[in-house]
Amino acid sequence: MTGPWINLASRVLGATVVAANDESFGAKESLVVDTPAVLDPGRYHHAGEIVDGWETRRRRFDPGADWVLVRLGAPGVIRSVDVDTSHFTGNYPTHAVVEACAVPGYPDPAHVLAHGAWRTVVPRSPLAGDASNVFAVDDPALATHVRLSVEPDGGVARLRVLGDAVPDPALLDGLTVDLLARALGGVALASSDDFYTRAEVLNAPDTPRTMGEGWETRRRRDGGHDWVVFRLAAPGRPLAAEVDTRYFVHNASREVALWGKSVVGDDPHDDPHDDPHEGGWEPLLPRTSLQPDTRHVFRLLDAPEVVAVRLDAHPDGGLARLRLPGVITPTGRRFLQARRIATGG
C-alpha cells in the first residue's frame, strides 16, 4: 500500500504514553502532542526549567539509557519515525533506538514490556539537537506499541510514528463506520489548494475548536472550484455525508458536491485515484448549498460501492470536517482481512 501516511502516535488519534523510567524535568505525555513544541524560556518550577517535551535527569554513575513506552492511536505498519528534539540544544540525547511490538487487546504497561515480541525498527542512531531526526523504517509487521530508548539521557520534544493504519476487520463486522476515519486507514490523497491549512485535517478524528483547525484555501478569483480526493479505509457503501462548516462564519464553502470511484483491479489500493480530472467518478451528492458554522448531514440514497471519494468545494474551500458513515462491503472485508494477515496481526 502506498500513499500518504498518518501519525500513529498522534494524541488526537488516541495515542498515549503509558510508561517511562524517568520524567524528572519534562512530562512523557508531551511526546504525542500534535502541535509543534514551543519554547518559553525563563519559566521554572521547583525541579528546573519548564520544557515542552520529555526530559530526564542527568545520568552520572548509572550507565544505560532512558526509555518511554507509547501505545499507538491505531494499530498499523510503521514507515517512518521522527525523533524531534526541537528546542533541546545542550541537553538532547546523543543516540536513540526505537522498538515496536503488537500486543492485542488493552494490556497494561507491565504486560506489554514483559510479553511484547519486541523488534528493532530504528537501530541505535545518532541524534541532532533542536532538529527533526527522521528515520525510514522497513518493517512490514503490525505494531500497537513503540518503545523509544535514548542514550544516555536528555530531552525529546515529540515522537512521530508515521505509517498505515491496519484495523482488525473482526471489530468492524456488522457496524456502520466512518469510511474516511484515519484510525481505519482513510487518508487525503490530493487537494487543489492547501494555502492556509491542509485538506488532510478534514478527516481528523476530533471536533474542531477554531476555524484554524479546518481546511481553508485562498480566495478564488478564476471562476473554478477547489477539491479534495480521499481514499477510503476499505471499499464500502456510504450511507450519509456529514459536511461540517463549524467556525467558518464568513468564509465557508458556499456549495459542495461529492463523487465516488469504484474499485479497480484486485487490490483496491493499487490505484490511488488521486486525479480528479480522470473519468470514472460517479455522483454521490449533487451540488448542494451549505450554511456557515453548521454541521450538515445528507443522506446518500442508493450509493454504489466505492474506494475513493472526491469533494468539490464551490467556489473555494472553507470546511471543518468531512465524515462518511457507511458499511464496509464484502470486498472491503476481504481487503482488510488480507492486509491484517500480511502484517501478522
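Pairs linking a residue in the stretch 97-115 that is under 21 Å from residue 166 (Cβ atoms) to a residue that is part of a helix (DSSP H, G or I) and at pLDDT 95 or above, with Cβ atoms under 6 Å and 6 or more positions apart or on different chains, are 103/112.
The requirement of being in a loop (DSSP other than H, G, I, E, B), within 28 Å of the chain's Cα centre (by Cα), crowded, with 18+ Cβ neighbours inside 10 Å and polar (S, T, N, Q) is fulfilled nowhere in the stretch 28-44; no residue meets it.
For the stretch 49-95, the tally of residues that are touching a residue at least 60 places away in the same chain (Cβ under 8 Å) and assigned to a strand (DSSP E or B) stands at 21. Of the residues making up the stretch 309-340, those that are in a strand (DSSP E or B) and within 18 Å of residue 167 (Cβ to Cβ) number 5.
Can you name every residue in the stretch 295-315 that is under 25 Å from the mean Cα position of the chain (by Cα) and either of a type in the set (Phe, Trp, Tyr) or within 26 Å of residue 207 (Cα to Cα) (or both)?
Taking the stretch 295-315 first, the residues under 25 Å from the mean Cα position of the chain (by Cα) are 295-297, 305-313.
Answer for the stretch 295-315, where residues must be under 25 Å from the mean Cα position of the chain (by Cα) and either of a type in the set (Phe, Trp, Tyr) or within 26 Å of residue 207 (Cα to Cα) (or both): 295, 296, 297, 306, 307, 308, 309, 310, 311, 312, 313.
Could you check the stretch 142-215 for strands (runs of 3 or more DSSP E) lying wholly inside it with 2 or more residues that are touching a residue at least 24 places away in the same chain (Cβ under 8 Å), over 16 Å from the mean Cα position of the chain (by Cα) and in the same structural domain as residue 230 (by TED's automatic domain parsing)? Break it down stepwise before answering.
Working: elements: 143-151, 158-165, 187-191.
Of the strands (runs of 3 or more DSSP E) lying wholly inside the stretch 142-215, none has at least 2 residues that are touching a residue at least 24 places away in the same chain (Cβ under 8 Å), over 16 Å from the mean Cα position of the chain (by Cα) and in the same structural domain as residue 230 (by TED's automatic domain parsing).
I'm trying to understand the selection: among the residues of the stretch 279-308, which are in contact (Cβ under 8 Å) with a residue 24 or more places away in the chain, among the hydrophobic types (A, V, I, L, M, F, W, C) and in a loop (DSSP other than H, G, I, E, B)? Scanning the stretch 279-308 gives 290, 300, 303.
Tell me yes or no: at least one residue of the stretch 88-96 is among the small types (Gly, Ala, Ser), crowded, with 22+ Cβ neighbours inside 10 Å, more than 19 Å from residue 155 (Cα to Cα) and in contact with a Pro (Cβ under 9 Å, 6 or more places away or on another chain). No: the stretch 88-96 contains no residue that is among the small types (Gly, Ala, Ser), crowded, with 22+ Cβ neighbours inside 10 Å, more than 19 Å from residue 155 (Cα to Cα) and in contact with a Pro (Cβ under 9 Å, 6 or more places away or on another chain).
It is to be established whether one or more residues within the stretch 46-57 are within 30 Å of residue 171 (Cα to Cα), out of contact with any Phe, Trp or Tyr (no Cβ under 9 Å at 6 or more places or on another chain) and either assigned by TED's automatic domain parsing to the domain that holds residue 206 or not charged (D, E, K, R) (or both). Break it down stepwise before answering.
Of the residues in the stretch 46-57, the ones within 30 Å of residue 171 (Cα to Cα) are none.
Checking the stretch 46-57: not a single residue is within 30 Å of residue 171 (Cα to Cα), out of contact with any Phe, Trp or Tyr (no Cβ under 9 Å at 6 or more places or on another chain) and either assigned by TED's automatic domain parsing to the domain that holds residue 206 or not charged (D, E, K, R) (or both).
The values are calculated or read from the model by the stated rules, or taken from the named source; none is laboratory data. Since the model is a prediction, treat every value here as computed from it, not as a measurement. Methodologically, a virtual Cβ is constructed for each residue, glycine included, from the backbone with ideal geometry; neighbour enumeration extends over all protein chains shown.
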